[in-house]
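The values are calculated or read from the model by the stated rules, or taken from the named source; none is laboratory data. What you see is a predicted model; the values in this text were computed from it and never measured. Note that we place each Cβ from the backbone using ideal geometry, even for glycine, and neighbour counts take in every protein chain shown.
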Amino acid sequence: MSEKKIEIKTSGISQKQWSVFLLELNLMKKAWRPYGVDVQIKAPGIKNIIEKGTNLNVFGGKIGT
């Protein structure tokens, strides 16, 4: 299959909205992986946003306590 490319430009988006937007794209990436679709996302600060946004230990405590 050939590689397909999409470009998304945003304007008027706050930093918090930007972080949530990238996290949602990352969820879509993970959801499509089992179907053989390899999605690559390139954006400023994405590694840090995904790392912090998917961390379950955000408040220093254990989940469920």
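Among residues belonging to the range 29-46 that are within 14 Å of the chain's Cα centre (by Cα) and of a type in the set (A, V, I, L, M, F, W, C), point out the one that is farthest from Lys16 (Cα to Cα). The selected residue is Trp32.
One residue stands out among those in the range 46-65 that are touching a helix residue (DSSP H, G or I) at 6+ places or on another chain (Cβ under 9 Å) and either among the charged types (D, E, K, R) or modelled with pLDDT of 90 or more (or both): the one that is farthest from Met1 (Cα to Cα), which is Lys52. Residues of the range 11-36 that are under 23 Å from Met1 (Cβ atoms) and assigned to a loop (DSSP other than H, G, I, E, B): Gly36 alone. Could you grab the pairs with beta carbons closer than 7 Å, sequence gap of 6+ or different chains, first residue in the range 28-51 and small (Gly, Ala, Ser), second one surrounded by 11 or more Cβ atoms within 10 Å (Cβ to Cβ)? That search, which allows pairs on different chains as well, returns Ala43/Leu22. Looking across the range 1-22, the residues that are loosely packed, with under 10 Cβ neighbours inside 10 Å and either under 27 Å from Asn55 (Cβ atoms) or touching a helix residue (DSSP H, G or I) at 6+ places or on another chain (Cβ under 7 Å) (or both) come down to Ile8, Thr10, Ser14, Gln15, Lys16.
Consider Leu25 carefully, then state whether it is aliphatic (A, V, I, L, M) and either in contact with a helix residue (DSSP H, G or I) (Cβ under 7 Å, 6 or more places away or on another chain) or surrounded by 10 or more Cβ atoms within 10 Å (Cβ to Cβ) (or both). Answer is yes for this residue.
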